[in-house]
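The structure under discussion appears below in the form of structure tokens.
Please treat every number below as a calculation from the coordinates, not as lab data. Just so it is clear, the model here is predicted, and its values are computed rather than measured. Reconstructed Cβ throughout: ideal geometry from the backbone, glycine too, with neighbour counts over all protein chains shown.
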Amino acid sequence: MKRLVIVFSFIFIGSVLFAQKGIIKGRILNAKTNEPIEFANIQIQGTSIGSTSDLDGNFIFTGIDPGFVRLAASFIGFETTVSSEIQVQGNQTTFIDIELPETAISLEEVVVRPNFSLKRIESPVSILTIGVQEIEKSAGVNRDVSKAMQTLPGVGATDPNRNDLIVRGGGPSENVFYLDGIEIPIINHFSTQGSSGGVVGVVNPDFVREISFYTGAFPANRTNALSSVMEIRQKEGSRDRVHTKLSVGASDAAITVDGPAGTNSTFIASARQSYLQLLFKAIGLPFLPTYNDFQMRYKYNINAKNELTFIGIGAIDNMTLNTGLQESGTESQRYLLGYLPVYNQWNYTVGTVFKHFGSRFFDTWALSRNMLRNKNFKYLDNDESKPKTLDYLSDEAENKLRFERVYTGLPVKLMLGGGIEYARYTNSTLAKVFLNGAVNDINYHTQLGLFGYQAFAQVSDEYLKNRLKLSLGISTVGNNFNDNMKDPLNQLSPRFSASYVLTDKWDLNANFGRYAMQPAYTSLGFKNAAGEYANRNEGVKYIFSNQAILGVEFRPKNNVRMTLEGFYKQYENYPLSVSDGSSLASKGTEYGQVGDEEVLSAGKGRAYGVEFFSKILEWNNLNVTTTYTFFRSEFTDKEGVYRPSSWDTKHLLNLIGSYKFPKNWNVSARWRFVGGAPYTPVDMDLSTNKAAWNITNRAYIDYSNFNSLRLPNAHQLDMRIDKEIYYKKWTLNLYADVQNVYNFKSRNAPIYTNKDVDGAVMDDPADPENRQRIRIIDAYSGTVLPTVGIIIKM
């Protein structure tokens, strides 16, 4: 105890004696030509602190209090631009470049005022920006990029322990992600192949500068998305010297190194190692995940007109079973051990982005490769001396080249481009299924090569003294899987956006669009018993979503923003499972893979609702965010009947707040409310069949009554406290995060076991050889989960 007092006394005294101010350095650049802008005005939002750029566009702020700030930059002939959020730390230099777009209007007077809602003309609705503070300091997020997205309006969560993104009632496979303009198919560890979810985010938050999250109104150059597009912009490495950052958090330890790599280049690189398996074993979970990830970014400024960026990100994931619980565990733990397989995965994405700034345009070339290997297997009774009941190995590899040109010297803003890709999908599957009243073997090998393409264009302009902004875009995609997908006319996807400034406080915004998405490789590469590609027919098509969005934005004060949006999404060609007749839109949030079955593009769907968003920034050191979504999500089955999707919770509410106390203390909290999710009763006849049960070791659901029942509502409170201490040559950040503070127990869908309390199979006396009895066991989840973390930067 005395040692603990001495340590905390040292920390407190050090924070008083060595408290430091921070420095901000940067450049003001012409967004059109990438040339420096001299004598531009730069101001720290919410303060009277200002500066001016020099002849080379450089500026500097010194003696800045630690915290999160944005800069506003302005100059005659350019649009006033607000920077992404940056974190100022004591005795550290933060670097940022601000690009100013040119404007055709000459300003007689420049007024710099806080404004955190500058919209993109292509997407005036359904886009929100996540800053560094919301990732680093939010309660319950634990510095996880994917979990930070789950606090946004319209974004649902299937389970507190998973990172699936359910956006406006769409399925978890309908999202795409970009890192500095490079598409990265996987952003979570232990990802579900054919979907987008997982357990823990792969992206290291130390790299993140800003995230733009589109829940609709996607720009034309972002194809293959139906529900959301996530654009992650990464930080550049420091320009002054090499820095090292050590982080020990809730589930992993990380090291990040960044700094200059020459006169005109910078780098940032990191590695993380998990110890989540130790926590999971301590709290008695039946699965033990271990993960590692690696990330790097290198930027080389060739000259004022050309720049080159290299990125890389990868992960290695292994999940074993806590077989010690087979004897000592609870019934629910033994149940999970009965059907969960062992998972092994690795994935990576590497790419390079080249930008060239011409006199009347700028070009972007993006070349990348990504790969996923997904392996899972299951031994009978988890005994490796017995035969495997599942053996799955699959690879997905994509090579992509994309070109974009933005014309800056025309009377209108014009963006156009296209891309090509080659994908290779392999699969080796050995499994058993119960189909048509008998046990069947699935045994196939796939080697599928696929050529694909995309093309897009978008034109935008402003009218009525810039009060009316219009944008028209079109894109198309295709591949050589079958004749239907090959034809670009079948995948034409137009979109139109409009924004009108009613007053200085009110905006009216709208978007109408059609979007296309390729079915998962797991479906395209599936083979039937005859060794043929079961889905390589003209009945399998691209999935479409027709969307309409109408919204109003209100800014009563400079630091207050409110939006109200209504949306309607209509789906076509959604894959239906031939075996059970359900839509794949309701699948994809379990470990392993989804879509590896025979499907038919005959499903329809609809999702509609209304969202409210309110944000108050820096009101007496208080930040408050409120999001509420009411929605419905329904998809047809094989009979054409609309049924609630598995994400049709109807209500999503987040109340989020943070307060900055003196001496660099910060407290944050989030209360989340989610309506009851639908679930399906079990098929008692099939589940009591011993031959059928022994294949999956779990009950079968009754697809004829799909999602006909509903769980109770759920809610949870998370809290976090941070303390930052700045010494002369290094900084220390201590935090404690508690999830589910009041230990709410949420009810899950009932689970069944075929064993009694002593672990013996309950034979059916009427037919003990072929039939069994089943019973419900405990189906609740939720526990108080406290974690602590330490971050050191030198």
Problem - Residue order, fewest to most beta carbons within 10 Å, for Val167, Val88 - result: Val88, Val167
Exercise for the section: Taking the Cα centre of the chain as origin, work out the dipole magnitude from +1 charges on Lys and Arg Cβ and -1 charges on Asp and Glu Cβ, in debye rounded to 20. Expected result: 1780
Handout entry: Lys465-Asp240 pseudo-label distance in nm [points 7 Å out on the Cα-to-Cβ vector]
Key = 4.6
Practice task
Can you tell me the dipole magnitude for region 332-473 around its Cα centre, using point charges on the Cβ only (Lys, Arg +1; Asp, Glu -1), in Debye to the nearest 20?
Solution key: 560
Exercise for the section: Give me the distance between the Cα centres of region 358-375 and region 653-714, rounded to whole Å. Expected result: 37
Completion exercise
Taking 0.36 nm per residue of separation between Ala529 and Asp65 and subtracting their Cα-Cα distance, the length gained on full extension comes to 160.3 nm
Practice task
Would you mind computing Rg(Cα) / (2.2 N^0.38 Å) for region 331-486, counting N as its residues?
Solution key: 1.63
Problem - Relative counts (whole %) of C-alpha pair distances in region 282-397, using bins that are 10 Å wide - result: 12, 27, 22, 15, 12, 9, 3, 0
Handout entry: Pairs beyond 23 Å (Cα-Cα), from Lys486/Lys638; Lys147/Lys604; Lys375/Lys755; Lys281/Lys388; Lys375/Lys432
Key = Lys486/Lys638; Lys147/Lys604; Lys375/Lys755; Lys281/Lys388
Practice task
Principal axes first, then extents: for the Cα atoms of region 235-342, list largest minus smallest coordinate on each axis, whole Å, largest first.
Solution key: 66, 23, 13
Problem - Calculated FRET efficiency for the pair Thr503/Lys728, C-beta based, R₀ 45 Å, to 0.05 - result: 0.35
Practice task
Percent of Cα-Cα pairs per 5 Å bin, from 0 to the last occupied bin, for region 542-609, please list those.
Solution key: 4, 14, 18, 15, 12, 10, 8, 7, 6, 3, 2, 0
Handout entry: Largest to smallest principal axis extent of the C-alpha atoms in region 419-519, angstrom
Key = 69, 31, 19
Fill in the blank from the handout: Here the net charge surrounding Ser270, from other residues whose Cβ is less than 12 Å away from its Cβ (Lys, Arg +1; Asp, Glu -1), is 0
Handout entry: Which of Arg241, Arg168, Arg710 has the fewest Cβ neighbours within 10 Å, and the rest in rising order
Key = Arg241, Arg710, Arg168
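Determine by what factor the alpha-carbon radius of gyration of the chain differs from 2.2 N^0.38 Å, reporting the quotient.
That works out to 0.97 for the chain.
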Handout entry: Rg and Dmax [Cα atoms of region 351-392; Å; Rg one decimal, Dmax integer]
Key = 23.9, 69
Practice task
Mind giving me the nanometre distance, one decimal, between the label points for Glu35 and Glu79, set 7 Å out from Cα along Cα→Cβ?
Solution key: 2.1
Exercise for the section: Determine the calculated [θ] at 222 nm for the chain from helices alone, applying -39500 (n - 2.57) to every DSSP H run no shorter than 4 residues and normalising by the residue count; nearest 500 deg cm²/dmol. Expected result: -2000 deg cm²/dmol
Exercise for the section: May I ask you to order 534-542, 645-653 by the average number of other C-beta atoms within 10 Å around their residues, highest value first? Expected result: 645-653, 534-542
